[in-house]
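**Student:** My structure is below; once you've seen it, I'll send some questions.
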Amino acid sequence: MTEPLNSSSLGAMGSLLRKLDELLRTEERAQGLIGDLRIIRTKMEELLKVDSPPHTVKYWMNEARELSYDMEICVDLFVHSSQPEALPDKLAWIFTWHKEILGFLARVKEVNERCERYNLVPNSSRTKIIASHQLQTLYEEPDPFGMEEPTNKLLEWLMLKDHGEDEDKLNVVSVLGDEGVGKSTLVKRLWRVSEDNKFQFNCRAFVQAAKKPDTRMILRSILSQVHPQKPPECSSKVPNLIRYLRGHLQDKRYFIVIDDLWDISVWNIVRQAFPQRKCRIITATTIENVARACCSYDSNNIVNVYRLRDSEAKKLFIDRAFGSKKICPSQFNDVTDKVTGKCGGLPLAIICTARLVANQPETEQEQLLDYVNNSLPSNLRTKSSSTEILTQVLNLCYSRLPCSLRTCLLYLSMYPENYLFLKEDLVKQWMAEDFICALDGNDIADVAGGYFDELVSLGMIQRMDMINSNKKGLLSYTVHPVVFDFVRCKSTEDNFVTTIDYSQSTAVVLTEKVRRLSLHFGSATYATTPACVEVSQVRSLSFMGLLGCMPSIAEFMLVRVVILHIHSDDGDTKFSLEEICKLLQLRYLQVQCNVTVVLPHQMRSLKHLETVEINAGVEYVPPDMFHASRLLHVRLVGTMTSQTRTFPSVDDSGSIVPSPPVFLQSFELLPPICIFSRIPLWFRELHKLRVLEIVVRKLRNTIDALEKLPVLKHLSLYVRTPTEVSIIFIKDVFPSLEYFKFVCGVLSLVFLEEALPQLRKLKLVFNAHEGEQYRNMMLVGIRHLSSLEEVVGSIGLAPDAVESDRVAAASAFKGAIRKHPRHRSFEQVKMVDPVDEDDDDPWMKLTGSCSQRREESSNEREVPRWKLAFQSPPQHIIFAGSNIKDRDGRPLEVILVDTDTGSPLSKLRPGRLSKLRRRPLSKLRPGPLSKLRIEFVPLEGDYIGLFGDYCTADEFQRAVVRERQGKLLTGQVRIIMRDGRATVGELQFSDKSSWSHCRRFRIGARVVPGSYDGGRIAEAITENFMVIDDEHETYGRKYYAPVLGDSVWRLDKIGKDSAFHSKLKRNNIETVQEFLRMLMVKPDQLRAILGDGMTDDMWEATTKHARTCDPGNKVYAYSSAGGTIYTNSIFNLVKVEIGGIECPLHQLNSDQTMLVRQLSLEAYEHPGKLMELQKRSSPSLCPLQEIH
């Protein structure tokens, strides 16, 4: 196995040499330095083969590692210097940092000389283990081995009826046993069994404590499991959590498992959250006093788990070492007995040693068994505790692992004790740190996954699948406490990870330089990072604690991996990550918190960024995030707290994304951060995509854009508008799909023969509707899914339905599943909350619905067969009188596109017809398209139809700018399109001074009305742009009508950087829109901010100028217990509803007026709670009224 670029043993030697080769390969003066470093690396690799190396070797290895880290930092700073290309040659950086480099040259020479002086050469060698990546039984969680008696006793206890139980006493059983004896395996088995309906538990929770646990986090974990649908609206203080938990569990039959409990005081606190009736509680501990206290000192409720007998130990060893053979070769009998005897009957120790044997070639297994027997002390079983036995075995196994696996194992010390993590997260972090080396064309992610699987098979990582991670149903994992202590000790010894854990009573001895920093602050209020830690050199940062204890992220300038799990008792607090742009090497960012995250407006400087995962409220999503050249994984799950709901860079039209991130492997965007109007066609270009999770408002083009993705394995598709026709899966589509989750109000899927050949898990979520007749149309052809192993159906209740409708839907669903030959092994049906269904347009809900609008929605709003599209967007700034060009300086080009396929007419294959088309054949080729008359019209810049659904012809017409004097758009406003393509020649904007109230426009292209009778062709619309009178117009000039996004100093009487400007900035009023909002809602406070220096005449002039700003067409709704108000973008009132009834603005009484003012103030203070609506037509609006 080739050594990785970075490792716990070799430090950064691999990546350092690679970077030096790239920078200085042609510089003869640097070859001596590079040669000396190669000699050091070779010696380090040789010393890795030494068994039980002396302290001199360990010291020298540590010195060489630190040298590699320090030199790589110097190289990285050079690479990211402001203008490296201005240096005379590549070697100029040596003179830039001449002191550092001279120091490095001396250190390199000294390290080499010291190795020779002390004769640090290997005195013994050992055979390396070759990591196996084809583990047959990796995910088959074993049953408790040799524990039939305690297992049966606990199962009988779980089945006991509640009648006759003492309601004043908790029903608790304690599992007691040594470390590594299998207590966790036993309680996990019971946890899985308890899911069966025969136990009739209403809710369940499984938590792991620790030697120094955070009681508050234990309670929060229990609460998140027993009540996952609705988080508690209470602070995270322990008394509040106890009170909320107790109230929620009061009338329920519940099952709680608390594993690895060490302290009676923790139990005395947690037990207060459990009502003393209808419960089953299991605790697992190694301490007898804790076990007795948990079960109220009733010894009958203590279940002892003992070590395995010799025969059981040998059977377990053979099972894990020789796999399917189940027979120990005769020549191994004696040594196998000795090895299993020294393992002390502890399953964890036996499994570790057995897997070492299993991973060796058969010809070397006997030699390895002898080595293991000779390495473990003969009196280990008789004179050692279980912890000492496990530590000896772990040390033996660790020393036999290859460098890559040791490094990956030590990285687990970045997490707290008993922390639950996901495989996909950990392997991404390994890859971001360059711990993985892929050879022979293997995918690096597959190699990393193989390393993870190997550590699982060795027992170093344990599967913990009892807690739903809410992340695609993936399995959770953890590290056994004894393994964790061993890993943390080894990691500290190699200065690999430095952990500062506020739950530990012992002080941490900090090294001079910290390479990876893990801050486990828990609920500590005043925890701080020690001042002696030089955080600028940290390569990985893991922080878990309160927001107020978080160090400044900008100081970690060379960090590669950032893991932030933050909580705050103040939910209105914001967590700013605006300075992450300063992190030169950032590759992996994971944020999970209960406060709003503020991202920078631009992230293009993060050139190495590979993974972005944010599970929190987000104030703003920078559009350029999706254009990072190395971006592989995106996951945004949470809420959008600002008014920005969509991003132009993620538009679904395809034309707005000039270069989608083609290397993406996972893409997960969930509402309200993003809802696509349909499946974006540019997904077709993501040939490396493995995981996709998106929400679409409507399936317009079935799922054609996804079906040919070659490696897509996981698809979660949420559809907000129920489908009108069945979704059909045919042969040769989704060739690699293994997991499919489909969420839609209506379930109607068709699987043809040989469809989805790799599909193993099918998860379906839908609604039951009033009186619906299913007629066997739910899952037509499910029998064709040859690899299917699991089907889960979750049925919600539509607003018009009753419980009997859900029963009918469940019956129909079960009937559909039974047509699969293996239905008995995977049938699951659950009752859940309703699936969201979007039947009406949000604007229709605002203005009221009528039959005419419904008819328009069903007929006129149907997606046309063809649409016009601009090939590329126009320049951001257009000068009046100049020809309009695209951003590359070329004339604009318009093409005709097939709306179903996204293909231009000129590239469309003749005769391409599909059985899956909704429209009849006669409508697929309407009339001659080779020659069309096209006209161009100016549109309002804030027209929002571009990013939403297709607009109707009337809606498009209403967006056209009404010209006041003369033509606004001049030149070739009408052209001929031939064969689906047309180039725009001369097209200009005229002088705008006489007609414009806004400087931003779009250009629309449409077929000249009346010139084509073959059916409607959808219009093309450009991105918005700014029109300036001439090239000499300055941005500092006070123009008459400001724009919402303009800086506030553009208003009359407010000069740039003046006293008035500074006062407004200090109060977070930086734009014209923010000025107008406060003017509408809090005019007196705004006047006070500006102070006495602004006279009444100046105030009148400023506010008069501000009011000339066009507020645009957007409308927002704010709802509270009292009612709902609808406003425009500057809080002008549009409409009021009180008690669900619309109240005319001019007829509000005094109480209603006070309520409206209160709602307006609340909306102003909490803009993140505003819901943006799309204005469809203006005539129905009430006259705008100022709130104050």
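**Student:** Only one residue in Leu759, Leu737, Leu715 is part of a strand (DSSP E or B) and at pLDDT 90 or above. Which one?
**Tutor:** Working: Leu759 fails: part of a strand (DSSP E or B); Leu737 fails: part of a strand (DSSP E or B).
It is Leu715.
**Student:** When region 1111-1146 is examined, which residues are found to be surrounded by fewer than 19 Cβ atoms within 10 Å (Cβ to Cβ), part of a loop (DSSP other than H, G, I, E, B) and in contact with a Cys (Cβ under 8 Å, 6 or more places away or on another chain)?
**Tutor:** Pro1144
**Student:** Output the number of the condition that Lys1065 fails; it satisfies all remaining conditions of (1) under 41 Å from the mean Cα position of the chain (by Cα); (2) closer than 14 Å to Pro1042 by Cα; (3) free of Cβ contacts under 8 Å to residues at least 40 places away in the same chain.
**Tutor:** With respect to (1) under 41 Å from the mean Cα position of the chain (by Cα); (2) closer than 14 Å to Pro1042 by Cα; (3) free of Cβ contacts under 8 Å to residues at least 40 places away in the same chain, Lys1065 is out only on (2).
**Student:** Now for a different question. Filter region 419-439 down to residues that are under 19 Å from Met13 (Cβ atoms) and aliphatic (A, V, I, L, M) and give me whichever is surrounded by the fewest Cβ atoms within 10 Å (Cβ to Cβ).
**Tutor:** Ranking the candidates gives Leu439 first.
**Student:** Return the residue satisfying two criteria in turn: it lies in region 861-896 and is surrounded by 14 or more Cβ atoms within 10 Å (Cβ to Cβ) and among the β-branched types (Val, Ile, Thr), and of such residues it is nearest to the chain's Cα centre (by Cα).
**Tutor:** Among residues in region 861-896 that are surrounded by 14 or more Cβ atoms within 10 Å (Cβ to Cβ) and among the β-branched types (Val, Ile, Thr), the one nearest to the chain's Cα centre (by Cα) is Val863.
**Student:** Of everything in region 286-300, what is under 17 Å from Asn171 (Cα atoms) and buried (at least 18 other Cβ atoms within 10 Å of the Cβ)? Give them in sequence order. So that I can check it myself, show each step before the final result.
**Tutor:** The first filter runs over region 286-300 and keeps only residues under 17 Å from Asn171 (Cα atoms), leaving 290-300.
Within region 286-300, Val290, Ala291, Arg292, Ala293, Cys294, Cys295 meet the criteria.
**Student:** Confirm whether Gln592 is touching a Pro at 6+ places or on another chain (Cβ under 9 Å) and either outside any loop (DSSP other than H, G, I, E, B) or polar (S, T, N, Q) (or both). Walk me through it before giving the result.
**Tutor:** On the way: touching a Pro at 6+ places or on another chain (Cβ under 9 Å): no; either outside any loop (DSSP other than H, G, I, E, B) or polar (S, T, N, Q) (or both): yes.
No: the conditions fail for Gln592.
**Student:** To continue, here is another question. Considering each of Leu908, Leu921 in turn, give the residue that is touching a strand residue (DSSP E or B) at 6+ places or on another chain (Cβ under 9 Å), assigned by TED's automatic domain parsing to the domain that holds Gly985 and either at pLDDT below 75 or hydrophobic (A, V, I, L, M, F, W, C) (or both). Before the answer, list the steps.
**Tutor:** On the way: Leu921 fails: touching a strand residue (DSSP E or B) at 6+ places or on another chain (Cβ under 9 Å).
Answer to the check: Leu908.
**Student:** May I pose another question? Which one is nearest to Gly449 (Cα to Cα) among residues in region 388-433 that are in a helix (DSSP H, G or I), among the aliphatic types (A, V, I, L, M) and over 23 Å from the mean Cα position of the chain (by Cα)?
**Tutor:** Step one: filter region 388-433 for residues in a helix (DSSP H, G or I), giving 388-400, 403-414, 423-432.
Remaining after also requiring among the aliphatic types (A, V, I, L, M): 389-390, 393-394, 396, 405, 409-410, 412, 414, 426-427, 431-432.
Filter again for over 23 Å from the mean Cα position of the chain (by Cα), leaving 389-390, 393-394, 396, 405, 409-410.
On the way: Ile389: 29, Leu390: 26, Val393: 25, Leu394: 22, Leu396: 24, Leu405: 11, Leu409: 13, Leu410: 16 Å.
Top of the filtered list is Leu405.
**Student:** Kindly check whether there is at least one residue in region 309-330 that is in a loop (DSSP other than H, G, I, E, B), buried (at least 17 other Cβ atoms within 10 Å of the Cβ), of a type in the set (Lys, Arg) and in contact (Cβ under 8 Å) with a residue 24 or more places away in the chain.
**Tutor:** For region 309-330, residues in a loop (DSSP other than H, G, I, E, B), buried (at least 17 other Cβ atoms within 10 Å of the Cβ), of a type in the set (Lys, Arg) and in contact (Cβ under 8 Å) with a residue 24 or more places away in the chain: absent.
**Student:** If the requirement is being surrounded by 21 or more Cβ atoms within 10 Å (Cβ to Cβ), in contact with a Gly (Cβ under 7 Å, 6 or more places away or on another chain) and either of a type in the set (D, E, K, R) or touching a residue at least 60 places away in the same chain (Cβ under 8 Å) (or both), which of these qualifies: Leu412, Leu394, Leu401, Leu390? Walk me through it before giving the result.
**Tutor:** Values: Leu412 fails: in contact with a Gly (Cβ under 7 Å, 6 or more places away or on another chain); Leu394 fails: in contact with a Gly (Cβ under 7 Å, 6 or more places away or on another chain); Leu401 fails: in contact with a Gly (Cβ under 7 Å, 6 or more places away or on another chain).
Just a single option satisfies the conditions, and that option is Leu390.
**Student:** On the given criteria, is Leu1086 assigned to a helix (DSSP H, G or I) and over 39 Å from the mean Cα position of the chain (by Cα)? Break it down into steps so the answer makes sense when it comes.
**Tutor:** On the way: assigned to a helix (DSSP H, G or I): yes; over 39 Å from the mean Cα position of the chain (by Cα): yes.
Answer is yes for this residue.
**Student:** Just give me the residues in region 1051-1062 being crowded, with 19+ Cβ neighbours inside 10 Å and touching a Gly at 6+ places or on another chain (Cβ under 8 Å), in sequence order.
**Tutor:** Answer for region 1051-1062, where residues must be crowded, with 19+ Cβ neighbours inside 10 Å and touching a Gly at 6+ places or on another chain (Cβ under 8 Å): just Phe1060.
**Student:** Something else now. How many residues does region 546-572 contain that are closer than 13 Å to Leu517 by Cβ, buried (at least 22 other Cβ atoms within 10 Å of the Cβ) and at pLDDT below 95?
**Tutor:** 2
**Student:** Which residue out of Ser786, Ser811, Ser736, Ser748 is in contact with a strand residue (DSSP E or B) (Cβ under 8 Å, 6 or more places away or on another chain) and of a type in the set (S, T, N, Q)?
**Tutor:** Criteria check complete, one pass: Ser748.
**Student:** Right, here's the next one. Would you pick out the residues in region 981-1014 that are at pLDDT below 80, under 46 Å from the mean Cα position of the chain (by Cα) and surrounded by fewer than 15 Cβ atoms within 10 Å (Cβ to Cβ)?
**Tutor:** His997
The values are calculated or read from the model by the stated rules, or taken from the named source; none is laboratory data. As the structure is a prediction and not an experimental result, all values here were calculated from the model. All Cβ positions, even for glycine, are placed from backbone atoms using ideal geometry, and neighbour counts span all protein chains on display.
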